[in-house]
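Engineer: Supplied in structure tokens, the structure appears directly below.
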Amino acid sequence: MLGGTPVGPFAGADAPPVLHSTRRARSSAPRPGSDYAELSRLVRDAGLLERSRAFYWRRIFAAVGSFGACWIAFAVLGNSWLQLIVATVLAAVVTQFGFLGHDGAHRQIFASHAWNEWTARILAGAFAGLSYGWWASKHNRHHSGPNQTGKDPDIAAGVLAFTPEAATARSGVAAWLTRWQGFFFFPLLLLEGLHLHVASIRGLVERRETPHRLVELTLVTVRLGGNAAAVLLVLPPSKAAAFLGLQLGLTGVFLGGSFAPNHKGMPLVPRDARIDFLRRQVLMSRNIRGGWATDFFMGGLNYQIEHHLFPNMPRPHLRRAQPIVRRFCRDHGVTYTETGLLASYGIVVRYLNAVGLRARDPFTCPLIDQYRA
């Protein structure tokens, strides 16, 4: 829904819909007593914004213990191809540290900002090899304008083109690859872990204004250097390369596979569009159905709508908030999108291919048709 007008579901659209700035859209700016304020009262009255420290302490201790157990198993196994099992488990554990760093960055764990910040900094840097400072800056911009061109860094042009404009600007081999980029998406996720490590170090080196920059740089380099040194000391080059490649590749798949289904294929928003906060977050986000296993392996990001509406809501409360938010959206005519995990991946692939294929051929956005009508 935009400016009080219902919008049909976008989850299965092959072409990337675009929310266009219109006079109607501009009239929906946030105001006192808005829909979001009403929803916030419902959520707060249900106690869903209160801290859940026991949950997070259990997760932190379990993650640290699992990390230590992986390296103990690594030392015991020695020169063996069974180390690839350790690499697989270690990638899953590192992913959990990424989720915990994400939750700390959103102040979901503790009431104190400093405790959250340092928890995120240490868990992400020392255990996952990721920079809290670099990632938080990027992620905050994403939350302030999800799927908004020129504002959301997650749809900025890179190896993949997430907007028709980015695809149209390409030529030659890059243009050909872009036309079929959806099929390259999952193979490229194997490089996402390496990309995140490189981007973390590069961000810390280049952005000297990052708070506690030297601390983070030390944590990240010691973690990554220590990981590589341990593997190279114990394993011969072939097995070391296999171990590190599998660990990095699966870390990228696990993390990227958790973030990608949440916004790709949902409406794109022009830079100058003005949309009230509730619709800005709900219409651009997609939830993933599933049980406790989905909650665990996606780190709660499967409740993307609730997370975007209440970024500091503790992870275990997102499931409880879902029926409240879904009912509220239904009563107010706001489209609430939810799909299965495999279906969401299909949407991502079709969306990326649609961007590449249709960027050079005219296509009609369903939302544009609605406004013209």
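Engineer: Every residue in the range 26-56 that is surrounded by fewer than 12 Cβ atoms within 10 Å (Cβ to Cβ) and either modelled with pLDDT under 95 or within 23 Å of the chain's Cα centre (by Cα) (or both), please.
Structural biologist: Once the filter is applied, which keeps residues that are surrounded by fewer than 12 Cβ atoms within 10 Å (Cβ to Cβ) and either modelled with pLDDT under 95 or within 23 Å of the chain's Cα centre (by Cα) (or both), the range 26-56 yields 27, 31, 32, 33.
Engineer: Confirm whether residue 312 is assigned to a loop (DSSP other than H, G, I, E, B), in contact (Cβ under 8 Å) with a residue 12 or more places away in the chain, surrounded by fewer than 22 Cβ atoms within 10 Å (Cβ to Cβ) and not basic (Lys, Arg). Can you show your working first?
Structural biologist: Details: assigned to a loop (DSSP other than H, G, I, E, B): yes; in contact (Cβ under 8 Å) with a residue 12 or more places away in the chain: yes; surrounded by fewer than 22 Cβ atoms within 10 Å (Cβ to Cβ): yes; not basic (Lys, Arg): yes.
For residue 312, the condition - assigned to a loop (DSSP other than H, G, I, E, B), in contact (Cβ under 8 Å) with a residue 12 or more places away in the chain, surrounded by fewer than 22 Cβ atoms within 10 Å (Cβ to Cβ) and not basic (Lys, Arg) - is met.
Engineer: So the check is Cβ under 9 Å with 6+ separation or different chains; which pairs have a first residue in the range 244-268 that's in contact (Cβ under 8 Å) with a residue 60 or more places away in the chain and at positive phi and a second one that's part of a helix (DSSP H, G or I) and among the charged types (D, E, K, R)?
Structural biologist: What qualifies is 265/350.
Rundown of residues vs (1) within 22 Å of residue 193 (Cα to Cα); (2) among the hydroxyl-bearing types (Ser, Thr, Tyr), yes/no style:
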{"residue": "132", "(1), (2)": "yes, yes"}
{"residue": "135", "(1), (2)": "yes, no"}
{"residue": "138", "(1), (2)": "yes, no"}
{"residue": "146", "(1), (2)": "no, no"}
{"residue": "155", "(1), (2)": "yes, no"}
{"residue": "160", "(1), (2)": "yes, no"}
{"residue": "166", "(1), (2)": "no, no"}
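Engineer: How many of the residues in the range 161-182 are buried (at least 17 other Cβ atoms within 10 Å of the Cβ), assigned to a helix (DSSP H, G or I) and hydroxyl-bearing (Ser, Thr, Tyr)? Spell out the reasoning first.
Structural biologist: Step one: filter the range 161-182 for residues buried (at least 17 other Cβ atoms within 10 Å of the Cβ), giving 161-164, 166-167, 170, 178-179, 181-182.
Imposing the further condition that a residue be assigned to a helix (DSSP H, G or I) reduces the set to 164, 166-167, 178-179, 181-182.
After this cut, where a residue has to be hydroxyl-bearing (Ser, Thr, Tyr) as well, the list is 178.
The qualifying residues number 1.
Engineer: Something else: Does the range 183-206 contain any residue that is assigned to a helix (DSSP H, G or I), within 24 Å of residue 101 (Cα to Cα), acidic (Asp, Glu) and without any contact (Cβ under 8 Å) to a residue 40 or more places away in the chain?
Structural biologist: yes
Engineer: Could you identify the single residue in 98, 158, 125 that is farther than 24 Å from residue 49 by Cβ and either surrounded by 23 or more Cβ atoms within 10 Å (Cβ to Cβ) or touching a residue at least 12 places away in the same chain (Cβ under 8 Å) (or both)?
Structural biologist: On the way: 98 fails: farther than 24 Å from residue 49 by Cβ; 158 fails: either surrounded by 23 or more Cβ atoms within 10 Å (Cβ to Cβ) or touching a residue at least 12 places away in the same chain (Cβ under 8 Å) (or both).
Answer to the check: 125.
The values are calculated or read from the model by the stated rules, or taken from the named source; none is laboratory data. Source: prediction; values computed, not measured. Virtual Cβ from ideal backbone geometry, glycine too; neighbours counted across all protein chains shown.
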